[in-house]
Amino acid sequence: MKKLTIIAMTLLTLGAASQIVEKNIDKEEVKTVVSTNLKEQDDELDPIYFQHDDDKNSSLFEKIGF
């Protein structure tokens, strides 16, 4: 019973702490940082290039790194 009480109090404390942190976050600043540092990748114009030396002659095992 004592262990269950400790676990319950721990969960309540973590939940309360997360609520306090969430209320103190400046949401506008987070939006600004995310919009300036993270950009969407346009799949059609900028494909991912894995830099294989000779893609046409490489086997499947060479392409995946074996």
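What trypsin sites (Lys or Arg not before Pro) in the stretch 1-40 are in a loop by DSSP, with at most 15 other Cβ atoms within 10 Å of the Cβ? Write out the running numbers ahead of the final one.
On the way: sites: 2, 3, 23, 27, 31, 39; in loops: 39.
Those that pass, being in a loop and sparsely packed, are 39.
Return the sequence-ordered ³J(HN,Hα) values of the stretch 3-15 in whole Hz as given by the Karplus equation 6.51 cos²θ - 1.76 cosθ + 1.60 applied to θ = phi - 60°, using x for Gly and Pro.
Whole-Hz 3J(HN,Hα) from phi for the stretch 3-15: 5, 5, 5, 5, 5, 5, 5, 4, 5, 5, 5, 5, x.
Readers should treat all values here as calculations from the given coordinates under stated rules, not as data from a laboratory. Keep in mind the model is a prediction, meaning the values are calculated, not measured. Reconstructed Cβ throughout: ideal geometry from the backbone, glycine too, with neighbour counts over all protein chains shown.
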